[in-house]
Structure formats: C-alpha cells, structure tokens
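Following: one structure in structure tokens, then a few remarks.
Just so it is clear, none of the values below were taken in a lab; they were calculated from the coordinates. In this text the structure is predicted, and so the values were computed from the model without any measurement. With ideal geometry, Cβ positions are generated from the backbone for all residues, glycine too; neighbour counts draw on all protein chains shown.
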Amino acid sequence: MAARGQPEVTVSASRDGRSKKPPDADPPSAIHDPPSPRARHSGVTLAEVIVASALLVIAITPLLKALTAAQVQDRAIERKSWSLLLAQRELECIRARCLHDYDASYRVSAKVLRDGYLCTVADDRHSSLRTVTVAVGLDQNADGVLAPGEVEVSLSTRLAR
C-alpha cells in the first residue's frame with residue numbers, strides 16, 4: 001500500500017529472480033547524475049575563510065587610513081576656523097577701543113579667549129598710523145603660552161588717528 005499522495009510502485013521479477021523497478025520509479029536526474037563528492041560535503045573550507053579574510057583586510061586598510069587622515073584634517077580645519085573667528089572678534093574689539101582711546105597700548109600676551117584658545121596682540125604704537133597684529137591659536141601643550149608653533153591665524157590691521 002502506498003503512502004498518502006505517493007504513487008504506488010509495483011515491482012516485478014525478472015527471469016533470474018531479481019526484482020525490477022519500473023523505469024519511471026527513479027527520477028531521470030538520479031539515474032544519470034551521480035552525486036558529486038562536493039555535494040555531500042557542502043560548506044566553506046578553512047583556506048577559503050583565510051583568503052576571504054585576507055582580501056577583506058586588504059580592501060579595508062586603505063579605507064581606514066583615508067578616514068583617519070580625513071579626521072585629522074577635519075580637526076585642523078576646525079582649529080583654524082575657530083582661531084580665525086576669535087582673531088576677527090578680538091581685532092574688532094581693538095578697533096572699537098581705538099575709536100575712544102587711540103593712545104592706549106593694545107599689546108597682550110597669552111590672553112585666554114575660550115576652550116584653550118589663546119591670543120597675543122602686538123602693537124607698534126605709532127603716533128599716527130598703528131599696526132596691530134592679532135595671533136590666535138590653540139594652546140596644545142597647556143602651558144598658558146602661545147608658542148609660534150601653536151599659532152593658527154595671524155591678522156594684521158592698521159589703525160589711523
């Protein structure tokens with residue numbers, strides 16, 4: 001008796017006593033295509049995993065280097081942008097003070113502006129046409145002095161009486 005939904009297969013005996021299956025009992029692919037050794041053991045070998053990992057590392061390494069360089073450049077640009085903004089603000093304050101008191105000295109050394117940014121102002125104190133230079137940078141070594149290597153932006157202007 002055949003299982004539910006399965007066709008009933010009849011087996012007949014040949015002259016020599018061996019049983020014969022009807023030709024449609026096995027699908028054609030099973031008769032003609034023997035299973036390959038790889039089909040029995042499907043999966044990934046250790047060598048394939050190592051090669052794939054090596055290729056992945058080789059592909060990702062330049063990308064990570066580029067991202068690191070971009071981050072370093074981003075920080076440098078941010079420092080320069082803040083330095084420029086703070087230098088412009090300091091220069092505008094000096095210009096405004098100069099309108100009321102031209103003869104005062106505007107020289108400043110290591111004035112704290114914000115978040116570790118320092119400002120140094122040089123003033124030549126000329127009697128009729130002064131040159132004022134504002135240098136701003138991030139105090140990277142936190143010594144309270146704006147060293148020449150820490151200066152990000154330097155702006156100069158001339159002030160007339």
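Points worth noting:
- Ordering of 43-53, 91-101 by burial proxy (mean other Cβ atoms within 10 Å per residue, highest first): 91-101, 43-53
- Each principal axis of segment 46-160 carries a Cα extent, and these read 82, 26, 19 Å when sorted largest first.
- Label zone at L64, where the point sits 7 Å out along the Cα-to-Cβ direction: segment 41-55 residues whose backbone N lies under 14 Å: 53-55
- Here the average projected area of the convex hull drawn through the C-alpha atoms of segment 111-161 stands at 3.7 nm².
- For the pair V108 and T133, the difference between a 0.36 nm per residue extended length and the Cα-Cα distance amounts to 8.0 nm.
- Distribution of pairwise C-alpha distances over segment 49-113, 10 Å bins, in %: 17, 24, 17, 14, 12, 9, 5, 2
- Ordering Q71, A59, G149 by the projection of their Cα atoms onto the charge dipole of segment 46-160, which places +1 on the Cβ of Lys and Arg and -1 on the Cβ of Asp and Glu, puts G149 at the extreme positive end.
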